[in-house]
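We did not get these values from a lab; they are worked out from the coordinates using the rules stated. What you are looking at is a predicted structure, and each value in this text was computed from that prediction instead of being measured. Cβ placement follows ideal geometry from the backbone for every residue including glycine, while neighbour counts extend to all protein chains displayed.
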Amino acid sequence: MLAITATTISTASAHADPITPAAPISHVVIIYQENHSFDNVFGAWCVQTGRCNGATSAQVFNGSTTTTLPLPAASDLVPVVDHGDHSQIVAMDGGKMDRFQSLNGCHKSQGNACYQQYQPAQIPNLMSLAQNFAISDATFEASPMPSWGSHLDLVAGSLDGFTGDNPTNSTTGATPLLGWGCDSNRDAPWISPEGITQFVPACIPDYALNPGTFPYGGAYRQTPVPWEPTIMDELHTAGLKWRIYETSTGGNTIPYGWAICPTFADCIDTSQKSNVLASSNIINAAKNGTLANLSLVMPSGPNSQHNSRSMAVGDNWIGKVMNAIMNGPQWSSTAVFITYDDCGCFYDHVSPPPGDGPRLPMVIASPYVRSGFTDSTVATPESMLAFVEHLFGVPAMGGQDATAYDFANSFAFTASPAAARIQAARQPHMVVRQIPAWERRYLKTHPAPPDDT
């Protein structure tokens, strides 16, 4: 284990090129995969190379003593481990990071399934990108939360009072519908200004919508939750384009999957929903040179690397998307962030800053990225929002994005355009890993759910 702490600040900070509208980037792509911690994805590679803060063993508290447990090579089929907000808090144990074994799916009797990590050969595309571009080894969940809260926070920089835990069936008995958002008839825990937790519609309402058509601001019933702006609103106001690429399920008019748009009434109930397309459309957009200023790329269930899915299939998906972007006509003006929405919840050894959740993998790719650089300045997914806000000159939304570090250390915009073109021509080669026949049969007979269950 390298002797680096969670609060190590990059020594390159004084040399960072600021992220401003003058930067030679006009397209940002965020590839948002599912459910892995930093040590689970990069820990072994970090220890092998000495490039970043990783661990190949875990500290485990067994009720009276703490023991060391080696982290073996992970199975390609990702184990199912409880990763709700409460479970993540338990696992972190006040920063000791020693109680993951208490999570359902990771008990000793269940094979300590959350104590494992991928070897470089198992995820060749992501690893090649990490080797050739920049990684962050200090990006943490903005707070301990599973997928719904992570996706909400990705575009709003805030949970708007929600705990972030995934929505459940309505407390009123309303029939649950597809998805998690305003039109799902589902509820989620929300903390009032007085500190009282209650279940309310899993929806950010917009009371400016026609009250005759949307009497509760787009929620399925009355709700105390206030309206919250999104990065989509900010970009639209600035005359900039955005797209969300999500999983298409159930014959709906827009994709749902790990949904973002349906959580916000001013997206699902307005013309904004026309900017939501099926995940596979990102490939053609990259190839045809029609990337929006901001593209949020969610995987389909099989490509997600979610618990119970194939890590290799997801790595193939990452490679396919990146191959289209790096060989597309807009690569020289594009920055790509590849990360995961939550821990899954697999072991990580670094204690998060107060209030944050476990560390997440983060790869940053662009012709203007410092090749082979490790960014150890503390960050969260809101740092990607800060990057977008600073790059396009749009105002912060008032959440943690307003003060978040924007990954400026990872970029070198002072490099000449010719040098950037050379870097673009040397992009890493993406590959396709073959999946064993037995695993293909298993995945076919055990289809992925459309949402994080």
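Within the chain, what percent of beta bridges assigned by DSSP are antiparallel, to the nearest 5? Display every interim value, and only then the final one.
Working: 22 of 45 bridges.
About 50 percent, rounded to the nearest 5.
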Pop a pseudo-label 7 angstrom from the Cα along the beta-carbon direction at both Thr414 and Ile191 and give the gap in nm to one decimal.
4.3
Taking a crude spin-label model, label points 7 Å out from Cα along the C-beta direction, the Arg441 to Thr68 distance in nm is 4.2
Going by the alpha-carbon gyration tensor, a ≥ b ≥ c the square roots of its eigenvalues, is segment 349-453 rounded (a/c under 1.5) or, if a/c is not under 1.5, prolate (a/b greater than b/c) versus oblate?
oblate
Taking R0 as 30 Å, what's the FRET efficiency between Gln131 and Thr270 from their Cβ-Cβ distance, rounded to 0.05?
0.10
How are the alpha carbon pair distances in segment 25-159 distributed across 10 Å bins from zero to the largest one, expressed in percent?
11, 38, 37, 13, 1, 0
Rounded to the nearest 0.05, what FRET efficiency do Ala278 and Tyr207 give with R0 = 41 Å and r taken as the Cβ-Cβ distance? Could you check?
0.85
Which one, Val350, Cys267, Val297, projects farthest toward the positive side of the charge dipole computed for the chain from Cβ point charges (K/R +1, D/E -1)?
Val297
Segment 85-182: C-alpha pair distances exceeding 20 Å, %
61
Could you tell me which of rounded, prolate or oblate describes the chain, using a ≥ b ≥ c as the square roots of the eigenvalues of the alpha-carbon gyration tensor, with rounded for a/c under 1.5 and, failing that, prolate when a/b is larger than b/c and oblate otherwise?
rounded
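Using the crude model of +1 on Lys and Arg Cβ and -1 on Asp and Glu Cβ, and no other charge, please compute the dipole size for the chain relative to its Cα centre, in debye to 20.
Here the chain has a charge dipole of around 1580 debye.
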Using a cut-off of 28 Å between alpha-carbon atoms, which lysines can reach Lys444, once sequence neighbours fewer than 8 places away in the same chain are excluded?
Lys320
Run the reach check for Lys96 against aspartates and glutamates, Cα to Cα strictly under 20 Å, same-chain hits fewer than 8 apart removed. What comes back?
Asp39, Asp82, Asp85, Asp137, Glu141, Asp342, Asp348, Asp356
Computed magnitude of the charge dipole of segment 233-378 (debye, nearest 20; Cβ of K, R +1, Cβ of D, E -1):
540
Using a/c under 1.5 as the rounded threshold, could you call segment 30-86 rounded, prolate or oblate? The axes a ≥ b ≥ c are square roots of the C-alpha gyration tensor eigenvalues, and prolate needs a/b larger than b/c, oblate otherwise.
oblate
